[in-house]
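Student: There's a structure below that I have some questions on.
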Amino acid sequence: KTITMTLARDASFYDNSEAMSLLMKVGIQFAFTRFIDSVETTRDSTTKMFEESSGLTVSCIELADMADAKLSLGENVDTVSTALSFLASLPLELALCNENLNLLDRVLGLAIVSSQVIKRTLGEHERSDPRLLKIVRSTRIIVANVLPKTLLFSSDFEAPCLVNMTSQLSKSCLDFRFDYGVLSATGNAISEYFSLCIDYHEKNASMLVNFFTQMRTVVRGAADIDFFSNALLVRSVIRRMNILDRHHSLPKKTPATASSYELCMNFVQETQKHLQRKIFQHIADAGNLLEHGKVAPVALLLASEIYSFIGNHLVTTPATNLLTTEQVEESRENVKKVFELITGVQGSQRGLGFIGASNYFLSSMSSSPDHFLKCASPSIILESILGALAQSFAMGQESPLLDAAMCALIRNSDLEQTKIITSYALRGSDCSKRNTSFIIKIFHLLMMCATSQEQHQHMIGECKHFLLISMGLLRDRSCERYRLVSNVKLFSKTMTILISKKELLLLSGREIAMICCEMSPLFSDDGFNQNDINGDVAIFNSCCAVVASLIAHYPKQLYGCPSPLFSLLLALLTHLLHANPKKGISQKALEFVKICELLIPHKDIFKKHVVGLILCYIQSLNKGMNPTTKSRLMPSIYALLDMCSSFETRQINAMIDVPSKIVFAPVFQSYQKFYQYHGQA
């Protein structure tokens with residue numbers, strides 16, 4: 001225990017992969033021995049029992065099945081809990097080798113005996129002891145970590161630790177259904193074993209067949225005994241199927257035997273058949289948070305995985321005979337029913353878990369948009385996703401799942417559906433400032449994902465409207481700090497795309513000046529927060545990205561309105577000069593120097609405007625500048641000096657006093673000696 005706690009505090013130890021691998025093996029053996037010593041039975045010696053066994057997993061199952069086996073809650077339990085928690089958190093980099101099968105045998109045996117003995121010894125209340133939960137949870141996490149690094153030979157396929165792994169791990173889930181961490185770790189371990197079965201399917205087809213036989217028992221348990229815990233395990237497996245399928249890792253043809261893809265499809269169909277009624281029932285009762293607050297989200301997540309797998313099949317391999325026409329129609333009706341159920345639950349009755357599951361369902365279905373849009377009215381689907389996005393913005397949250405769903409549907413939308421999206425967004429243009437971010441988010445997604453000429457033609461007529469609305473993201477600086485940072489980042493992403501897409505909108509000098517003028521106030525004395533360094537860096541870098549994009553795509557338009565541009569650059573430089581030199585200055589200075597170097601090819605036009613920036617720097621230098629700030633800003637000042645002709649240099653010399661000349665002379669001499677412009681990166 002002492003060694004474990006010492007190593008846990010030394011992060012540099014994690015970089016030594018050989019030492020970490022050795023520690024894993026020794027640590028598991030140590031934890032195994034200590035835990036077995038804590039199990040009391042009428043048998044004289046449990047140690048002798050393991051010495052006589054050909055496999056630790058078999059011996060652990062025998063020990064777990066002993067009716068008189070009890071756990072002694074002494075110091076050993078605390079030691080085992082600490083050691084396993086540390087081992088489960090290791091950044092494991094085991095080599096792919098057959099030796100890991102022995103490690104898997106030991107840790108799986110520990111997982112089996114610990115959960116069964118704890119269940120027999122203690123009631124549900126006592127089982128919630130954090131030390132015991134750490135033991136049960138950590139063993140499963142380690143199993144999930146070791147499985148991908150286990151190399152199997154032909155003689156290993158019938159190893160006791162592999163043959164009944166799924167049934168042994170799932171057996172105890174009902175006893176620990178109150179702890180989501182145990183259920184999640186068990187699901188991860190079983191899904192990793194499923195991946196192992198897929199990898200070795202061509203060498204040994206019986207592994208995968210045996211796995212699905214054991215998983216069918218879990219499905220029946222979800223239908224007849226406990227839906228919550230068993231559905232979580234089933235969902236983890238089908239989710240892994242979807243991941244492998246999207247990465248084309250499920251072989252659809254295998255000589256002489258049923259392919260892994262066919263076996264997966266059969267399992268998904270059987271799961272749908274047995275659990276369909278339960279799924280609909282739990283989703284329909286989602287409004288009753290007291291009874292179904294935990295179960296309804298799990299039911300919806302399981303439905304998402306089932307219908308996503310079927311939907312992806314219908315889109316990628318529609319010509320196969322794995323699904324009949326009646327099954328396809330039934331699947332679409334089921335998707336429609338789930339969609340109607342989740343849209344029918346009132347907002348006030350939707351818990352956060354159910355909202356997250358609903359977003360996941362919409363995202364999963366949208367990954368196969370051709371299938372999803374046939375399950376319900378496209379306009380209703382689009383408005384539902386848009387409504388969910390608007391709700392997430394109203395709650396001050398972003399939802400990458402809904403973003404992904406919206407992107408997928410936009411790519412597959414025709415002109416009418418694109419009009420539905422734009423009209424829905426613009427209806428909220430006169431609402432609160434928070435809704436402004438939602439409107440611009442939709443505009444951002446449209447610009448990124450619209451692909452057809454019809455969509456672009458429609459957006460051309462709306463771009464100026466969206467541009468004006470986007471200015472509202474920067475104007476409300478009285479909002480909460482996190483909201484301001486989020487708004488500026490969204491503004492930056494939207495503007496950089498709009499600036500680069502000249503086919504949608506060709507910005508005029510007036511519009512470019514407006515963009516620059518709206519960003520300048522962000523860097524006033526009260527516009528940044530010394531206590532929120534990350535937020536300040538995000539705001540600064542976001543504005544620099546917009547300026548860099550303007551210089552790259554609209555240099556000639558900037559020739560006609562240099563004043564707003566250099567007012568903004570002066571605000572950026574002033575912000576750097578007053579920023580905390582210990583936090584964030586390097587990132588900000590790096591972005592600022594990129595802008596300065598982008599100006600160099602246009603120095604004939606901008607050289608007279610650079611003088612003000614250099615004078616500002618000299619003034620700050622004369623007052624006393626932190627060495628770190630001075631060092632970080634030096635490349636930017638060199639780039640600005642490189643733009644000056646002899647006339648601007650004499651002008652600067654004439655405008656500064658003697659003390660300023662003294663402090664600036666070394667900077668200018670260093671520029672003359674070392675600086676050389678190498679062109680844009």
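Student: Working only with C-alpha atoms, what are the Rg and Dmax values of region 378-490, expressed in angstrom?
Tutor: 13.5, 40
Student: Taking 0.36 nm per residue of separation and subtracting the Cα-Cα distance, what length does fully extending residue 532 through residue 199 add?
Tutor: Numbers: separation 333, 0.36 × 333 = 119.88 nm, distance 4.79 nm.
Additional length available on full extension: 115.1 nm.
Student: I would also like to ask the following. What is the spin-label model distance, in nm, from residue 33 to residue 317 if the labels are put 7 Å beyond Cα along the C-beta direction?
Tutor: With each label point 7 Å from Cα toward Cβ, the separation is 5.0 nm.
Student: While we're here: Dividing the alpha-carbon radius of gyration of region 575-676 by 2.2 N^0.38 Å (N being the number of residues), what value is obtained? Show your work: numbers first, answer last.
Tutor: Details: Rg = 13.1 Å, N = 102, 2.2 N^0.38 = 12.8 Å.
For region 575-676, the normalised Cα radius of gyration is 1.02.
Student: Can you give me the P(r) profile for region 296-337? Cα pairs, bins 10 angstrom wide beginning at 0, each as a whole percent.
Tutor: Computed distribution, short to long bins: 27, 53, 18, 2.
Student: Could I ask something else about it? Just need log10 I(q)/I(0) for region 115-265 at q = 0.12, 0.18, 0.19 Å⁻¹, Debye formula, equal scatterers on the alpha-carbon atoms, no solvent, rounded to two decimals.
Tutor: Here log10 of I(q) over I(0) equals -0.51, -1.08, -1.18.
Student: Considering only lysines 8 or more places apart in sequence, or on different chains, count the pairs in region 576-658 whose C-alpha atoms sit under 28 Å apart.
Tutor: Taking region 576-658 as the scope, the lysine pair count is 21.
Student: Still on this structure: When the expected Rg is taken as 2.2 N^0.38 Å, what fraction or multiple of it is the alpha-carbon Rg of the chain? Intermediate results must be reported in sequence, preceding the final value.
Tutor: Values: Rg = 31.7 Å, N = 681, 2.2 N^0.38 = 26.2 Å.
The chain yields a ratio of 1.21.
Student: Mind jotting down the distance between the C-alpha centroids of region 480-504 and region 396-427, whole Å?
Tutor: Region 396-427 and region 480-504 have Cα centres separated by 17 Å.
Student: Then there is this: In terms of the Cα gyration tensor, with a ≥ b ≥ c the square roots of its eigenvalues, is region 441-490 rounded because a/c is under 1.5, prolate because a/b exceeds b/c, or oblate? Mind showing how you got there, number by number?
Tutor: Working: a/c = 5.67, a/b = 2.26, b/c = 2.51.
It comes out oblate by the Cα gyration axes.
Student: Quick one: helix 415-426 against the long Cα principal axis of the chain, what's the angle to the nearest 10°, folded into 0 to 90?
Tutor: With both axes taken from Cα atoms, the answer is about 70 degrees.
Student: What does the convex hull of the alpha-carbon atoms of region 431-577 project to on average, in nm²?
Tutor: Values: hull surface 34.8 nm².
Answer in nm², one decimal: 8.7.
Student: If I model a spin label as a point 7 Å beyond the Cα along the Cα-Cβ vector, how far apart are those points for residue 661 and residue 65 in nm?
Tutor: Between residue 661 and residue 65, the simple spin-label model gives 9.8 nm.
Student: Can you give the extra length, in nm with one decimal, that the chain gains between residue 583 and residue 258 once fully stretched, where that is 0.36 nm per residue apart less the Cα-Cα distance?
Tutor: Details: separation 325, 0.36 × 325 = 117.00 nm, distance 5.96 nm.
Taking 0.36 nm per residue and subtracting the Cα distance, the gain is 111.0 nm.
Student: Here is a further query. In whole Å, what are the Cα extents of region 300-421 along the three principal axes, biggest one first?
Tutor: Sorted from largest, the Cα extents of region 300-421 read 46, 32, 21 Å.
Student: Grab every C-alpha pair in region 186-250, bin the distances at 10 angstrom width from 0 up to the longest one, and report whole percents.
Tutor: 22, 51, 24, 3
Student: Shape call for region 532-629 from the C-alpha gyration tensor, a ≥ b ≥ c root eigenvalues: rounded (a/c under 1.5), prolate (a/b greater than b/c) or oblate? The partial results should precede the final answer.
Tutor: Values: a/c = 2.37, a/b = 1.39, b/c = 1.71.
It comes out oblate by the Cα gyration axes.
Student: I'd like the orientation of helix 646-655 relative to the chain: the angle between its Cα long axis and the longest Cα principal axis, in ° from 0 to 90, rounded to 10.
Tutor: Helix 646-655 sits roughly 80 degrees off the main axis of the chain.
Student: How would region 64-194 be classified by its alpha-carbon gyration tensor: rounded, prolate or oblate, with rounded meaning a/c under 1.5 and the a/b versus b/c comparison settling the rest?
Tutor: Verdict is prolate for region 64-194.
Student: Order 135-144, 207-216, 636-645, 395-404 from most to least packed using the mean count of other Cβ atoms within 10 Å.
Tutor: Numbers: 135-144: 25.9, 207-216: 18.9, 636-645: 21.2, 395-404: 16.4.
Most protected by this proxy first, the peptides run 135-144, 636-645, 207-216, 395-404.
Student: Distance from the Cα centre of region 645-676 to that of region 163-229, in angstrom?
Tutor: If you average the Cα positions of each part, the centres end up 73 Å apart.
Student: Pull up all non-local amide H partners of residue 90: gap of 5 or more, or a different chain, and H-to-H distance under 5 Å with H placed in the peptide plane.
Tutor: Residues meeting the criterion, in which the H sits 1.01 Å from N, do not exist here.
Student: While we're looking at this one, here's another question. What does the helix-only formula give at 222 nm for the chain: each DSSP H stretch with n ≥ 4 adding -39500 (n - 2.57), the total divided by the residues, and the result rounded to the nearest 500 deg cm²/dmol?
Tutor: Numbers: 36 runs with 493 residues, N = 681.
Value at 222 nm, helices only: -23000 deg cm²/dmol.
Student: Right, here's the next one. What's the angle, to the nearest 10 degrees (0 to 90), between helix 533-553's Cα axis and the longest principal axis of the chain?
Tutor: With both axes taken from Cα atoms, the answer is about 60 degrees.
Every number in this text was worked out from the coordinates using simple rules, so none of it is lab data. Keep in mind it's a predicted model, so treat the numbers as computed, not measured. Heads up, the Cβs are rebuilt from the backbone with ideal geometry, glycines too, and the neighbour counts pull from every protein chain shown.
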